[in-house]
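Heads up, the thing below is written out as structure tokens.
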Amino acid sequence: MRRRMQGGALVASLALGVAVSVAPAAHAVEGEGVTGPAAAATVRLEVAGDPDTPPGQVRERACSGVRISERWVLSAASCVAPVAGGPAVLGAPRSAVTATIGRADLTTTAGHVVAADLLVPHPDRDVVLVRLAQAVEDVTPAAVATTPPAAGDELTVTGYGRTADAIVPDTVRAATYTVAAVGGTSLDITAAASGATICKGDAGGPALRATSNGVEVVALHHTAYQGGCLGATSTRQEATETRVDDLGAWISGHTTKPAKVCAGPSVPAAATGFSNGQFIRTPDGAIYVVAGGAKYHLTPSEWQAIGPRGVTEVSQAAAAKLGSVPADGTVLRDHTTGAVHQIFSGTRQGVRSMTEHAAIGSPAWVDVPPGFIAKAVDKAPAGPVLLRNPETGAIWQVIGCSRYPVANTTELQEIGALHYNVHPRVISRVPTGIPTEPVIVRTPRNGAVYQVVGGAAHHLSAADYAAIGSPRFTNVPDNFMKRITATVPGSSQLRV
């Protein structure tokens, strides 16, 4: 197909990415407005802070994409590259990337706007996996096709690119295209009717095939003649698409969720103004027991079983400040069985006897129903938290589902002295080695901040740190960072 297109679309067609100024950057396929599965799957991506922009100008890029799961979007790698038109870089976005999902009409507040926290470009094609910082569960994604289309097949192309009369249209658009030829890694497609064309801003948008269950993506927009688009001089409407139907193994290798050893991250310190074991009642009559800055709704029978006592009347707003899982170091006892559990990183760690309880310092517990304890999962804590073995005095820093032995009191003072006594069994549940879960860390001696992901560390400048939302960091010793020598994340560790 590439040889056939020499002198045609591959050479003469135009790239579909777009750079726009401060004005909102939504652009779309010149075709009809679209609803249903095709609209739901189509995503608008916006890249802020193009470093290629001249000084004094604030510019951003926008293009299209397709959501393929709760946390992953497929798009064109060239769209999210640090420099417009350059290669995308594996890891956290160098410039902030946001995805608008489930908002076919951009003038509304429907759907979600979610930041991206990881980019995984394909090594050989203009394709990138964009991971969303939060899962979107209420908008249906598209499946990824497992078979190629055939010449003559009709596909629905969608995107937020410009139209014939608007650089910044308000809606996602769709058009029908016919497959002209199928190549090893790309497709040639032609418009099925006049007025349908693929424009700037559509890069990375999907070519969709209807199925009995909705739609599936077979390819992504790469280049097009853009005939009929605002500002285009050509009248031709052919386009070249990048195939994705044969990328199933690559996609699943990065997006399939493996079994996790740990849970986390740690729950922030308890909310002030409440005490462990306190009963509170909200204006709607609901009674809760409080422990570790979290609350648990009690049924009348549970309240009676624990031992009814005075309640504190609180507002709904005050109760809303309490979480659902207690903070690190909280100790809960199942009032029905007497089983005691320590809470760390949203996990529960059983204290198996009163001898063990005494060995860890006999911390006070709160009697609660078993349902409250079940809010914490039975896994190793991911951290960040400091755990101490009372038998040896050794302290371990747990972070990113790994543990690091704190070497001396100097390191302990650098990272914060607060630690918790636990049975050695709890410490041994946490794997050794470098973090396997993404974390943000800081070395206190020089104030350097790093993003650790996929077994690699990336130093964040002040601008980088701000661009990813200035997340909470954890202080770590210098020797902790010396263990992480990789600078490029390993693909096997980029999953969620």
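All other residues with a Cβ under 12 Å from the Cβ of Pro435 taken together, and with Lys, Arg as +1 and Asp, Glu as -1, what is their net charge? That sum, taken over residues with Cβ under 12 Å, equals +1.
Using a cut-off of 10 Å between beta-carbons, work out the net charge of the residues near Thr146 (Lys and Arg +1, Asp and Glu -1, Thr146 not included).
Net charge around Thr146: -3.
Each peptide among 343-351, 468-476, 312-320 gets the average number of other Cβ atoms lying within 10 Å of its residues, and from highest to lowest they stand as 343-351, 468-476, 312-320. Spin-label pair Arg425-Asn408: with each label point 7 Å from Cα along the Cα-Cβ axis, the two points sit 3.5 nm from one another.
Of the residues Leu412, Leu460, Thr392, the one whose Cα sits farthest towards the positive end of the charge dipole of the stretch 379-496 is Thr392 (charges of +1 on Lys and Arg Cβ, -1 on Asp and Glu Cβ, taken about the Cα centre).
The alpha carbon centroids of the stretch 197-256 and the stretch 294-349 are separated by 51 Å.
Rounded to the nearest 20 debye, the dipole magnitude of the stretch 386-460 is 80 debye, with +1 charges on Lys and Arg beta carbons, -1 on Asp and Glu beta carbons, and the Cα centre as origin. Taking packing as the residue-averaged number of other Cβ atoms within 10 angstrom, the listed peptides 447-457, 384-394 run from highest to lowest as 447-457, 384-394.
Using C-alpha pairs below 8 Å separated by at least 6 residues, the relative contact order for the stretch 279-428 is 17 percent.
The charge dipole of the stretch 279-428, taken about its Cα centre with unit charges on the Cβ of Lys, Arg, Asp and Glu (plus for the first two, minus for the last two), comes to roughly 140 debye.
List, in the order given, every pair from Lys295/Lys482; Lys321/Lys379; Lys260/Lys295; Lys375/Lys482 whose Cα-Cα distance in the structure shown is over 31 Å.
On the way: Lys295/Lys482 41 Å; Lys321/Lys379 26 Å; Lys260/Lys295 26 Å; Lys375/Lys482 36 Å.
Distance filter (> 31 Å) returns Lys295/Lys482; Lys375/Lys482.
Amide H contacts of Thr330 (H built 1.01 Å from N, in plane; Pro and chain starts excluded): Ile343 sit under 5 Å, all sequence-distant by 5 or more or on other chains.
Summing +1 for each Lys or Arg and -1 for each Asp or Glu, what net charge is found among the other residues whose Cβ lies under 10 Å from the Cβ of Ala41? Please list the in-between numbers first.
Working: positive: Arg67; negative: Glu216.
With Lys, Arg at +1 and Asp, Glu at -1, the neighbours total 0.
Values in this text are rule-based calculations from the coordinates and carry no lab data. For clarity, every value in this text was computed on a predicted model and none was experimentally measured. When we count neighbours, we look across all protein chains shown, and the Cβ atoms used for this are built from the backbone with ideal geometry, even at glycine.
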